[in-house]
Every structure is written in structure tokens, then in C-alpha cells.
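The values are calculated or read from the model by the stated rules, or taken from the named source; none is laboratory data. Since the structure is predicted, the reported quantities are computational estimates derived from the model, not experimental observations. Every residue, glycine among them, receives a Cβ derived from its backbone with ideal geometry; neighbour counts consider all protein chains shown.
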Amino acid sequence: MKNCYTSTDIIRRNRRRKTNLKMKLSFAAVFFFMLQLSANSIFSQKKIDLDYKEVPLKTVLDEIKAQTDYSFFYNVKEIDDAATVTFKVKRETIDKVLYKLGVLANFDFKINESQIVLTSKSRGTTEASKQDMEINGTITDKSGTPLPGANVLVKGTTVGAQADFDGKFTLEVPEGKTILEVSYIGFRTLEVDITGKDTITIALEEAAAQLDDVVVVGSRGKPRTSFDSPVPVDNLKLAELEATGRGVLDQQLMFKVPSYNSTQQPISDAAAHFSPADLRGLFPSRTLVLVNGKRKNASALVYSYVTPGRGEVGVDMKSIPSGALERVEVLRDGAAAQYGSDAVAGVINLVMKKKSDPFINTSYSTTTEGDGQQYQIEAGFGMDITDKGYANFTFNYFDQSRSQRAGTVTSAADEEAYWGVTEDLTSFLQRNPSAGFQVGLPDMTITNIAYNMGYTLDEESSTEVYSFGALANRSGSAPQFARVPYWVPGFEQIYPGADFFLAEMAPQIGDYTFSLGLKTTYNNWNFDLSSTMGRNRIDYYIKNSFNQSFGAGSPSDFYNGAHQFGHVVNNLDVVRTFEDIGIDAFTLAFGAEHRTEHFVTEAGEFASYGDATPDDPTDRTGSESFGGFKPENASNDYRSNIGLYTDMTADISESFLVGGALRYENYSDFGSNLSWKVNSRLKTFNDKLAFRVSISSGFRAPSLHQVFYTALTTTLTENGVQQNGILNNADPALRALGIPKLDAETSFNVGGGMTYRISKNIGVTADVYQIDVDDRIVLSGQVTPTGDPNSPIDQTLQSVNVGAAGFFLNAIDTRTQGIDIVFNYDNIALGSGFLSGSIAANFNKTEVKDTNFPEFIVQNNLEDALFSREDISRVESWRPRQKIVAAVNYSINKFRTNLSFLNYGKVTYRHPSNTDDDATYGGKWLTDLSFSYDFTDKITFTLGANNLFNIYPDTFADAYSDNGGVPNDRNLDFVGRFKYPWQTTQFGIDGTRIFSKLNFKF
């Protein structure tokens, strides 16, 4: 479908018209109708001059538009606007011009207000001799909004019609024919039986994916499809996310978007309840997440464990239920100049539903090992607020049980040697082959509530008040390192008869986001004023733990304190698109943003960090696994920033555009930044082939977490199991080590690509990119004592009472290069059904180009301690450099099947000091398969399997097969307790998961 305005704009206009007619009194409606007729009459009297010889029909139509302000709407399959015509008129009215041109180009026309619908004269006349029954109908979407231009065809004939701007049509149906085929771009084709009917209303259902779907992110101007956008954007409908068989948004994106990675990390403190995510090979802090175009708050968690994403801060992607979403837009381009800090790798925009039919979706899944059960129930409904507004509500409940994929201790001799004990551990390990370890998914329960609503206050000015929000509560329990008596003696005092105790991280996590705004239009300027509040809070609880210094008086459960992050974001956005100014269109946008951020650390109870025997230096203090926050760790810190931006796009013609953006940000704690961006797009080859390019600078402000975070954790290092401190960057003690205050990261992003529309339903995009990030903030490795009591290093560590300490600093410069390739096909007729799907791939490579260490660190040879070979490999090679997702969906009548192939490339671990312990874990192919059946148009059942062939990552035994199946450094596999690599998990260690879904619509 081709028109001078987008289908979305026309649908919105019809929604306003429909609402107006319902609310007005009958005499007012008649008066309005008369005004419309009068207006059309005035338009129609405008005189037109045309003189063209052998030019495309489209050229003539564009000139008519320029002289009259009318817009054309037609189907390019019916009206060949590339056909050449010779046409001349002088001082003619619009109706006479169109009549003469219609005779020449074989079309009929209808004028509605300032819109002109063109239809082929051959429609409805080819088989006129057989017509003997008239059918009148209306075509809408599921919410009742008319679909202008929808096609209606009598099946088995060439007789058809096209819906007008109210979605209405009239059609003469040949004798003996009773089936109509109704189609519209972006919606599923529907067959309708009209036996015994002379009027009918047809509601079309949106297609799961469509090449012509409009995307919002990446442009504040004219809506564009992902193929017309000057930057790469993935547009994922809810049906595509649900087809993955996963129940939580971060995992749905993980198994659908090649450039997005998010894996659950077992035994990683609170991070086990989150899934550190990255986009285009960069870690979580460099992806901006929006909800309905508004900034989503970050989580309160710093990923402090030695896994991918260490030192990073990201958005809690489990806090928004996917059932509340209409679609997810993934902008794969630097956008800091448009959206502000964090948009270095790209932007993810979560677009919420405005209205949905009432539904209840249930699902259940389990692994073939009989653990890791997941149960989910989603429910929601939409409603009209009188006839001027909308509201949609969604509820989600998700429950997950833990899984167990621990390895076994390789031998009693290995265990004895590792711990340096002389007692025989054979009997102990016979009873406890894994030494009490549990490795796998945590217990987790998530409850979400979300809403999205709006109400039109004034239709003439399109004034609308809107609000949306989401509330999430999450709880659970994740096993940590099991403590054995030769590691932590004395626990038998509170766990009598136990061989070990298994501490569990059991946080209570709350997250909410709430936005209120007002949109209006004045003199063709669109204004959007909004305020958004968001907060994420983590209350840390440790269960089944022990404070050795308390002995028999130690509790088993501890409250360890809390982290909380919140923000308030106020936005003013102003946009106008100018047309008929000598170019196709010019869009000017500008605005301001004021943001206040707040980070809180609250102390835990005394037993979680306290020392009950201060005179005994040999006792361990604090709750095992995760020490509580001390009163001196407590903090309550704020900062604010203000941003000003302008964004311009010039559509020089329908084929060529250039755009640019400029943004100034000023932060109260570290200063200011100016970011810029330019992009362009050129369409050629009948608008089927497009080339695009983007160049931008960007920045990422250090998060408040990274400035003020402090913690005490237990982890595995090259030096064994240690309690490690993370020091507050604002702590004066760090100045003694020469560690400066944090500054902003800066980035430079270059991208270019092409899109090619092979047909209406088939297209391919390919984009290359390079992202340079300077002064990248990292969480350092552990600095250990030198043994010199006068050394600043020893004094600093002693002052915080830890065996080693880490901190945040602007330490490295990186370069990320990659290519994204996406091949889409949609609604391809195959046999009696339709085929849809995609093949998408991301190939990327990140390199640490340089390091930036303070003079004190260099002079004391602490470079490797701060950022070792292991830390470098975490950045460069702990995530797959290659990821391919291929999916195919076939639907026939009430039956659908979905088949997906997922490839995860190899990952490489590099040891801090011993190259013999470097290891590469090979790439893997996973297969997902599901079948769905519609028992009725209201009930659907799905049965499927994720990882159908039970593929697991390579084991330590595989990676170190040349060394007897074990690494030299037994900290890596913890003497066999870890069967699979815990540092470099590619896709999880669940194995095959069988799932079922039962969906109800009302």
C-alpha cells in the first residue's frame, strides 16, 4: 500500500473522527457534515495547470498534491504509478482533472475531505455479467478502528473492492460465490463466509511480523519502517517473543535478537536473580532502555561477581511483563545525541499495548532432568474510556524452581590437596559427591502489574493526557558456595550433624516505573510534556548461613542491608514536520530533559557484618557468602543533570534524506558533555534498495552505583576463596592509591548498511558498525597486601578489614566492530498455508586497545592486579562473537508450527597468569520446536521444546582434555564442583525444556 501519509496517521485520524461522531449531538453532526461538504467544495474549485509529456503517473499525482494539498491513497498493485503518461490541462478543477487522468490511466477516484482514493476501473467489472448479490461491509482492526484501503476479493474471481476512509465497502458478488478474501498490509488475510448475509463487519488481526510496520525509536519525525529508517532497527511483535517459548522478557530477547545476550549466572550473589545483558558486544551499562519512549530506571544492583558484566549497571528487564507489550524496538546504533547517556550500543524501546481483548495465558515447562519447573499465568484486558480514551491492564505471575547441574569433586586426593588438609575425605565425598554444591537456576517468583492509558481532552488540537506504569515484585533463593567443615569450622554448633551448610542469597526485589504526560498540537507543532518516576530496590537476605565469630549464638538467616536506586525524569519534546517547502519534508525537533537520581545503601543487622570475638583474629566475621553492609557503608547520594537537544531530518526527496542531532548534558557531579550525530539514507532501484550511514559521538556518565557502591563478597580468585571488598570511589582511602574520581566514558560510533526489499513480503538488511569507547569504567581486579605495613596498599586494605580490594576506575579503551544481517519473510503463500520467519545474525569483535592507569599503580607494578589477562578476556571473549537465529513459522487454518535454530559461537577464557589454563569452549547449535492449534478462535494450545536435542556447553573436561580433563588452577572448576564453565556461560545449562501453553481470549 502506498500513500502520501502513513497508514498509522490515517488510522489515528479515523479514530478521532469516529470518537467525534459518537459524542456529538445529531444536529451538530449534521452541521459538521455540511461544513465538510462546503470545505470539499472549496478545495474542488482550485484551478490546476498541468503539462507533462511521457512522465511517470506518480510525477503527475505529486504535482496535483503540491497545487491542491490533496493527498492520494492507492494500492500499487492496482495503480501502476510508474506507468508513463502524457497529460495536459489548464485551469481545470480537481474533479475534472482526475476524471480525465483516470480515463488515461484507467482508474476511478473518490474524494474524502482532503484525501483522494484511487481504485482500478477493472475492479468489480471483469465479471459483471455474473453479479447478482450486493454485500455491504465495514473492515476494522480488533479495536474497531477502520482500515482504509483494505482489499476485498471474491475468492476464485477477479471481482473486488477497496474500503473507503471509514473502512466501508460495497461489492456485487457473482452467483454461487460465498467466500470473501480480506487483506490489509500489516494484518493477516482473512476468509469470510457471507452465506445469507447482505451486511457484514470484519475485524482483521495484526500479523505477527510485517516488513512495513512502523518504528518510533531512532526518529522523532515522520514514522518510518525498519527498511526506510536511516539506522538499523529491529521491530519485534509480541507474538514473535512468545514464540520463543520463554516466559521472561530478557530471555525472550536473548533467543530472538542476535545482537542481544543475556544468560543467567549461577552462584553469583544477587546477580543470580538478574541476567546481565549486553547489546552489540558491549556490556549492560551502554544500552538505554525506554518504555513508551521514556527512560526506564536502572536496577539498584552492581554486577560485582567475576562473570560477564562485572562492574556494570543495567535495567532490570524482568520488571516489565512481555504480555503488556505491543512490540519491542531495538535500535542498533549509537544514539546518545538523541536520548542522552547510556545509548552507546543502542536503545531498546518497550512499546506497551493501548488496548487488547481480554485474555488469560497459562504455561508450564520443565527440563527433561525433572527440575527447573516454570509456571506462568498472564491476564489482561483493554477498555474504552467513554469514546475518547483507552486503557489496558496486564497481570503476570511467574514461578521458577531451581535446577541442579553441579559436577562432582574429581577425587578425595584432589580435594585434600586443594584445602591442604590431612584427614581422609573419601567417606565425606561418598556421601556428598558435589560437596554440597548446587549449580543451576535459582528459585524465583515474579509478580508484575502494568497499565497504559490515555484520554483525549480536545480532538481539534489532539490534546491527550496519558499515563503508563509497571510494578514488579520478585523474590527467590539462589544457592551460593556450600561451606564444608574444613573450610569454615564450627558451623556444627548451629547445624548439628550436618556435613555442610549451603548459604542462599534470597533477596526481595521491587521495581516500579510511572509516567504521566500531556500531548497537544498547536499550529502544527507537536508538544509532549511528561514526568517519569522509577525505582528499583533490593533487600538482601542470606538464608542458611553462619557467622563464625558468633559460634553457637550465630543466627542462620541474616538481613544484610539494601540498595535502592531511583530517578525522576522530566521531559519536554517539541516536533514539527514541514511539507511543501521545496523538499519532500523537513522535521525539526527540540527539547529538554531534567533528571534527578538517587542511590541509597542501607546497613544490615549487626550479625551480618559484626565480629563477636574481636580479640580473636583467626575468626571469620560476617555472614558467610555475603557480608552485610556496615553502618559506615551506608550512604544516601543524589545528583541531577539537565539535557538540551535538537534533532533535524530533511527528506530532500522521497528517496534521499539527511539528519542530524546535537545534545548538551550537564551533570552536577562531573561536568558536561556535547554529543552529536549525523545520518543519511538513499533509496534507489524503484525504492527497493536503500543505503544508510550514521556517524555519532556519545558518552556514558558514571552511574551513581559505580561512584558510591561498596560491598563485601566471597568469590574464587587465583589466590583461592577470598572475602573481597569493593571500595566506594568517593572514599578518600582510594586517593592514597592514586585512584582518581570517576569521569564519563566517551564513544565514537560509525555505522553503514543497506536494505533491499525483494518483494512486499521479503527483505534483507545488512549493517556494519564500529564503536570506540574511551575511558571505559571497569571494576578492577583485587589488590592484595604487599606485606609491607608502611605500604599505602596494605594500610588501605587493613582499614577496610579485607584480604583484597577492588574499585571502579576509567581504565580501558575498547573498539567493537561487527556486522548485523537480517533476512525477513512474511505471509508467503505455501500450499494451503502461509510461511513467515527470519534469519538473523550478529558477528562482532571487541578489543581492548589501551589501558589508562594512575602513576601510583604503574610505579607499584599493579597493572595486572587491577586488570589482568582474565579481565581483558572478560571484555573481549567471554561472550560469543557469533550468534545466529533462524526461525520459520508455518500456519495453515487452525494449525501453526514454529521451528528455530540458534547458533552460539565459541567463547574463550584466559587465565590471569598461566596461559596453560586458557580454554576455548566450542560453539553450539540449539533447536526449538513448537506446535499450536486453535481449538476455537478463543482457545489456543501450544506444545513445544526448547533445546530439543539436549545440547549443553562444553565442560571443563572437554576444554582441558589435553590436561587430564582438569585445569592446573583448581579454582576454575573448584575441584570439580563446577561441571560447566561458570565464567563464560553462552546459553545456560538447562538442557532440553518441554513447555506447554493454553491461551484464552474473551
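Just to check your reading of the model, which residue among Gly370, Gly314 is assigned to a loop (DSSP other than H, G, I, E, B), in contact (Cβ under 8 Å) with a residue 24 or more places away in the chain and of a type in the set (Gly, Ala, Ser)? Break it down stepwise before answering.
On the way: Gly370 fails: in contact (Cβ under 8 Å) with a residue 24 or more places away in the chain.
Going through Gly370, Gly314 in turn, the sole match is Gly314.
Only residues that are touching a strand residue (DSSP E or B) at 6+ places or on another chain (Cβ under 8 Å), within 30 Å of Phe437 (Cα to Cα) and not in a strand (DSSP E or B): list them for the range 373-409, please.
Gln373, Ser401, Arg402, Ser403, listed by residue number.
Working only within the range 317-337, note down all residues that are within 14 Å of the chain's Cα centre (by Cα) and either under 25 Å from Val875 (Cβ atoms) or part of a loop (DSSP other than H, G, I, E, B) (or both).
Met317, Lys318, Ser319, Ile320, Pro321, Val330, Leu331, Arg332, Asp333
Restricting the first residue to the range 473-494 and requiring it to be farther than 15 Å from Ser623 by Cα, which pairs with a second residue that is small (Gly, Ala, Ser) and part of a strand (DSSP E or B) meet a Cβ separation below 7 Å and a spacing of at least six or different chains?
Filtered contacts from the range 473-494: Asn473/Gly510.
Show me the strands (runs of 3 or more DSSP E) entirely contained within the range 220-279 in which 1 or more residues are in contact with a Lys or Arg (Cβ under 6 Å, 6 or more places away or on another chain).
Details: elements: 233-237, 260-262, 277-279.
By residue number, 233-237, 260-262.
Could you count how many residues in the range 538-548 are hydrophobic (A, V, I, L, M, F, W, C) and part of a strand (DSSP E or B)?
Pass one, the range 538-548, residues hydrophobic (A, V, I, L, M, F, W, C): 538, 542, 546.
In the following step, the residues that additionally are part of a strand (DSSP E or B) were identified as 538, 542.
Residues in the range 538-548 being hydrophobic (A, V, I, L, M, F, W, C) and part of a strand (DSSP E or B): 2 in total.
Kindly state which strands (runs of 3 or more DSSP E) lie completely within the range 916-987 and contain at least 3 residues that are within 31 Å of the chain's Cα centre (by Cα).
Values: elements: 919-921, 924-934, 939-946.
Where strands (runs of 3 or more DSSP E) fall fully within the range 916-987 and carry at least 3 residues being within 31 Å of the chain's Cα centre (by Cα), they are 924-934, 939-946.
Considering the range 482-533 alone, what residues qualify as being buried (at least 18 other Cβ atoms within 10 Å of the Cβ) and acidic (Asp, Glu)?
Glu504, Asp511, Asp528 - these are the residues of the range 482-533 that are buried (at least 18 other Cβ atoms within 10 Å of the Cβ) and acidic (Asp, Glu).
Just one of the numbered conditions (1) touching a strand residue (DSSP E or B) at 6+ places or on another chain (Cβ under 8 Å); (2) closer than 20 Å to Asn75 by Cα is not true of Thr158; which one?
For Thr158, the failing item is (1).
Is it the case that some residue within the range 345-360 is among the aliphatic types (A, V, I, L, M), farther than 26 Å from Phe931 by Cβ and outside any strand (DSSP E or B)?
Checking the range 345-360: at least one residue is among the aliphatic types (A, V, I, L, M), farther than 26 Å from Phe931 by Cβ and outside any strand (DSSP E or B).
Among the listed residues Asn898, Asn852, Asn903, Asn842, which satisfies the condition of being among the polar types (S, T, N, Q), touching a Leu at 6+ places or on another chain (Cβ under 9 Å) and surrounded by 19 or more Cβ atoms within 10 Å (Cβ to Cβ)?
Values: Asn852 fails: surrounded by 19 or more Cβ atoms within 10 Å (Cβ to Cβ); Asn903 fails: surrounded by 19 or more Cβ atoms within 10 Å (Cβ to Cβ); Asn842 fails: touching a Leu at 6+ places or on another chain (Cβ under 9 Å).
Only one candidate qualifies: Asn898.
For every residue, the table says whether it meets (1) surrounded by 15 or more Cβ atoms within 10 Å (Cβ to Cβ); (2) of a type in the set (Asp, Glu); (3) not in a helix (DSSP H, G or I).
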{"site": "Thr577", "(1), (2), (3)": "yes, no, yes"}
{"site": "Gly582", "(1), (2), (3)": "no, no, yes"}
{"site": "Ala592", "(1), (2), (3)": "no, no, yes"}
{"site": "Arg595", "(1), (2), (3)": "yes, no, yes"}
{"site": "Ser608", "(1), (2), (3)": "yes, no, no"}
{"site": "Thr618", "(1), (2), (3)": "no, no, yes"}
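Which condition number in (1) outside any helix (DSSP H, G or I); (2) more than 27 Å from the chain's Cα centre (by Cα); (3) under 30 Å from Ile267 (Cα atoms) is the one that Gly551 fails?
Among (1) outside any helix (DSSP H, G or I); (2) more than 27 Å from the chain's Cα centre (by Cα); (3) under 30 Å from Ile267 (Cα atoms), Gly551 violates only (1).
What residue, among those in the range 873-895 that are among the hydrophobic types (A, V, I, L, M, F, W, C) and surrounded by fewer than 21 Cβ atoms within 10 Å (Cβ to Cβ), is nearest to Leu190 (Cα to Cα)? First the steps, then the outcome.
Residues of the range 873-895 among the hydrophobic types (A, V, I, L, M, F, W, C): 875, 878, 884-888, 892, 895.
The next check asks that each one be surrounded by fewer than 21 Cβ atoms within 10 Å (Cβ to Cβ); those that pass are 884, 886, 888, 892, 895.
Values: Ile884: 33, Ala886: 27, Val888: 21, Ile892: 12, Phe895: 15 Å.
In this case the residue turns out to be Ile892.
Does Ala66 count as assigned by TED's automatic domain parsing to the domain that holds Ile111, within 43 Å of the chain's Cα centre (by Cα), at pLDDT below 85 and part of a helix (DSSP H, G or I)?
On the way: assigned by TED's automatic domain parsing to the domain that holds Ile111: yes; within 43 Å of the chain's Cα centre (by Cα): yes; at pLDDT below 85: yes; part of a helix (DSSP H, G or I): yes.
So Ala66 passes the test.
Name every residue in the range 85-101 that is in a strand (DSSP E or B) and either loosely packed, with under 15 Cβ neighbours inside 10 Å or without any contact (Cβ under 8 Å) to a residue 12 or more places away in the chain (or both), in order of residue number. Write out each step before concluding.
Going residue by residue through the range 85-101, those that are in a strand (DSSP E or B) are 85-92.
Result: Thr86, Lys88, Lys90, Arg91.
Does any residue in the range 336-347 that is touching a residue at least 40 places away in the same chain (Cβ under 8 Å) come within less than 7 Å, Cβ to Cβ, of a residue that is in a loop (DSSP other than H, G, I, E, B) and of a type in the set (Asp, Glu) six or more places away or on a different chain, and which pairs are these?
From the range 336-347, the pairs are Gly346/Asp333.
So which residues in the range 774-829 are within 30 Å of Thr621 (Cα to Cα) and in a strand (DSSP E or B), if there are any at all?
Listed by number, the residues that qualify are Val778, Leu779, Val783, Ala804, Ala805, Gly806, Phe808, Leu809.
Within the range 636-643, can one find any residue that is in contact (Cβ under 8 Å) with a residue 40 or more places away in the chain, surrounded by 14 or more Cβ atoms within 10 Å (Cβ to Cβ), farther than 17 Å from Ser747 by Cβ and β-branched (Val, Ile, Thr)?
yes
Surrounded by 22 or more Cβ atoms within 10 Å (Cβ to Cβ), aromatic (Phe, Trp, Tyr) and either in the same structural domain as Val231 (by TED's automatic domain parsing) or closer than 17 Å to Lys256 by Cβ (or both), is that true of Tyr364?
Working: surrounded by 22 or more Cβ atoms within 10 Å (Cβ to Cβ): no; aromatic (Phe, Trp, Tyr): yes; either in the same structural domain as Val231 (by TED's automatic domain parsing) or closer than 17 Å to Lys256 by Cβ (or both): yes.
No.
Just need a number here: residues in the range 767-792 that are under 18 Å from Asn861 (Cα atoms) and either surrounded by fewer than 22 Cβ atoms within 10 Å (Cβ to Cβ) or among the acidic types (Asp, Glu) (or both).
9
Is there a residue in the range 435-456 that is free of Cβ contacts under 8 Å to residues at least 40 places away in the same chain and within 30 Å of Ala270 (Cβ to Cβ)? Working first, answer last.
Going residue by residue through the range 435-456, those that are free of Cβ contacts under 8 Å to residues at least 40 places away in the same chain are none.
Scanning the range 435-456, I find no residue that is free of Cβ contacts under 8 Å to residues at least 40 places away in the same chain and within 30 Å of Ala270 (Cβ to Cβ), so the answer is no.
Quickly run through the range 220-269 and pick out the residues that are among the polar types (S, T, N, Q), over 25 Å from Phe901 (Cα atoms) and buried (at least 24 other Cβ atoms within 10 Å of the Cβ). Before the answer, list the steps.
Taking the range 220-269 first, the residues among the polar types (S, T, N, Q) are 225-226, 229, 235, 244, 251-252, 259, 261-265, 268.
Those left that are additionally over 25 Å from Phe901 (Cα atoms): 225, 229, 268.
Scanning the range 220-269 gives Ser229, Ser268.
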